[in-house]
Amino acid sequence: MSAEREPIGVIGTGYVGLVTAVGFADLGSEVFCVDVDSEKVARLQAGQVPIYEPGLDELLARNSERLHFSTELAPALQNARLLFVAVGTPPTHSGDADLSAVHAVVESMPAPDGHALVMKSTVPCGTGANIRRIFNENGKSAYSYVSCPEFLKEGSALSDFTHPDRVVVGGEGDWAEQAVVDLYEPLGAPLVRTDVASAEMIKLAANAFLATKISFINEIANVCEQLGADVVEVARGMGLDARIGPKFLQAGIGYGGSCFTKDVSALKLLAGNSGYHFQLLNAVIEVNELQKRRVVSKLVRHLGELAGKRIALLGLAFKPNTDDMRGASSLVLAARLQAEGAHVKAYDPIAEEQARSLMPQLDYADCASNAIDGADAVILVTEWEEFLKLEWSEVARAMRGTLVIDGRNALDGNAVRAAGLIYEGIGRR
C-alpha cells in the first residue's frame with residue numbers, strides 16, 4: 001500500500017504534527033518528520049511518545065517502519081514533495097499569533113525543485129498570501145502552497161483524523177492542491193476545496209463560533225442560578241433544535257486549551273488590524289474569564305472568608321484525556337484561591353508534571369483521596385472518569401467540610417447530596 005501512497009514530510013512533531021504523521025503512516029504513506037528538538041527526536045526514534053494522547057503510542061509502534069524522525073530537513077526534502085508544516089504559533093503578548101517558527105520554515109526552504117508547503121499550523125488569514133510574496137521575492141516562485149487546517153480535538157485526535165467532519169483544502173489550483181486532496185481521499189470525508197484565504201478563515205471562524213457557544217451557555221447558566229431554572233434542562237431543550245444542536249452546550253467554569261483561547265484572540269486582533277471592531281468576540285473572552293472566577297464567589301457564599309480554608313481541586317488539565325495545561329481554568333482558579341489565603345491541594349491523573357512547571361507553589365496529591373482528605377470544599381475542575389466514579393459516602397467521611405462544587409456539571413448531584421454533602425453545580429437548581 002505504501003508504494004501507492006504519496007510520501008510526505010512533516011515539519012514539527014508537536015501535537016498536530018505527530019498525530020498527522022502517525023495518521024498518514026497508518027494509511028500507508030512513508031512519513032519523514034523533522035523537529036529542531038533533538039531530545040524529542042531521540043525519544044521518537046526510540047518509540048517514545050512525548051505527549052499524552054490515548055492510542056498514539058500503539059499507532060506509533062505499529063507504523064514504526066514507515067515513520068522516520070530527524071533534526072535535519074534533508075531527508076524530508078529528498079523523499080517527499082509535500083511538506084506539512086505543523087510548528088507552533090503561540091500567542092504573543094499582544095494576542096497576535098507568533099509566526100516566527102512558520103517564517104523560519106519558509107526561510108529554510110532551498111531553491112525550488114518541485115516541493116509544496118502544506119500549512120497545518122493555525123495561522124491568521126493572509127499568511128498564505130504573505131508566504132507567496134516571500135517566495136516570489138526570493139526566486140522561489142515555483143514552490144506551491146496549500147492551506148489544510150487541522151480540526152483535531154485533544155483526547156480524541158486519532159479518531160478525529162480517521163473520521164473527520166470535513167477536510168479543508170485551500171490551494172492555488174495546481175498539482176499540490178490535488179495531491180493533498182488525494183492523500184485524504186481514503187477517509188471519505190466531506191471535502192471543502194477552496195482558496196487559501198478562505199481555508200485559513202474557516203479554522204479561526206469555527207473555533208471562535210464554538211467558543212461563543214460555550215460562553216453563551218455559561219451566561220444562560222448564570223441567569224438560571226438567579227431565576228431558579230436548571231441549565232442542564234435548558235441546554236437539553238435547546239440542543240434538540242437541529243439549528244442549534246447539543247454539542248458545546250455544557251455549562252461549566254469556562255473553556256480552555258490552546259486553540260480556543262488563542263484563536264478567538266487572534267481573530268479579534270486580525271479583525272481589528274483590518275479596521276473592523278469584532279465586538280462579539282470581546283464579550284466571549286470577557287465572559288470566559290469571569291466564569292473562571294465565579295467559583296470563588298460560590299466558595300465565599302458557603303464558607304465565608306477563604307483564608308485558612310482547605311480547598312481540593314480534582315483535575316488540572318483543561319479537559320480530560322490530555323495533559324495539556326494551556327489555557328486551563330485551573331490556572332486562574334488556583335491563583336485566585338491562593339490570593340484569598342486558601343490552602344489548595346490538587347490532583348490530576350495525567351497533567352501533574354505539566355502543572356508543576358506552571359504552578360510549582362501548589363500542594364500536589366498523589367491520588368484523589370489524598371487531595372480530598374481534610375478539605376473544607378472539593379471542586380471538580382476536569383471531568384476525568386475516575387472522579388465521576390467516586391464513592392461520595394467515603395468522600396464525606398474524609399472531608400472536614402461538606403461543600404462539593406461541580407465545575408463541569410458532570411457529577412450525580414443526587415448521589416452527592418445523599419452522602420450528606422452540599423452539591424453546587426453551574427446553573428443548576
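The values are calculated or read from the model by the stated rules, or taken from the named source; none is laboratory data. Bear in mind the structure is a predicted one, so any value in this text is a computation, not a measurement. Note that each Cβ is placed from the backbone with ideal geometry, even for glycine, and that neighbours are counted across all protein chains shown.
Note on the stretch 178-278: enclosed helices (runs of 4 or more DSSP H) holding 2 or more residues that are under 30 Å from THR92 (Cα atoms) are 196-227, 258-273.
Assess whether ALA334 counts as being closer than 21 Å to GLY304 by Cβ, buried (at least 21 other Cβ atoms within 10 Å of the Cβ) and either within 25 Å of the chain's Cα centre (by Cα) or of a type in the set (Ser, Thr, Tyr) (or both). Criteria met by ALA334.
Listed by first and then second residue, the pairs linking a residue in the stretch 255-280 that is more than 22 Å from LYS319 (Cα to Cα) to a residue that is among the aromatic types (Phe, Trp, Tyr), with Cβ atoms under 6 Å apart and 6 or more places separating them unless they lie on different chains, are LYS268/PHE278; ALA271/PHE278.
Across the stretch 358-387, what is the total count of residues that are surrounded by 15 or more Cβ atoms within 10 Å (Cβ to Cβ), touching a residue at least 60 places away in the same chain (Cβ under 8 Å) and not in a loop (DSSP other than H, G, I, E, B)? Residues meeting the conditions: 6.
Of the residues LYS309, LYS262, LYS298, the single one that is charged (D, E, K, R) and at pLDDT below 95 is LYS262. When you check GLU200 against the structure, is it buried (at least 16 other Cβ atoms within 10 Å of the Cβ), in the same structural domain as GLY407 (by TED's automatic domain parsing) and touching a residue at least 24 places away in the same chain (Cβ under 8 Å), yes or no? No. In the stretch 52-67, which residue that is of a type in the set (D, E, K, R) and surrounded by 19 or more Cβ atoms within 10 Å (Cβ to Cβ) is nearest to GLU352 (Cα to Cα)? The selected residue is GLU53.
Within the stretch 323-345, the set of residues being part of a loop (DSSP other than H, G, I, E, B) and in contact with a Lys or Arg (Cβ under 9 Å, 6 or more places away or on another chain) comprises ARG326, GLY327, ALA328, GLU340, GLY341, ALA342.
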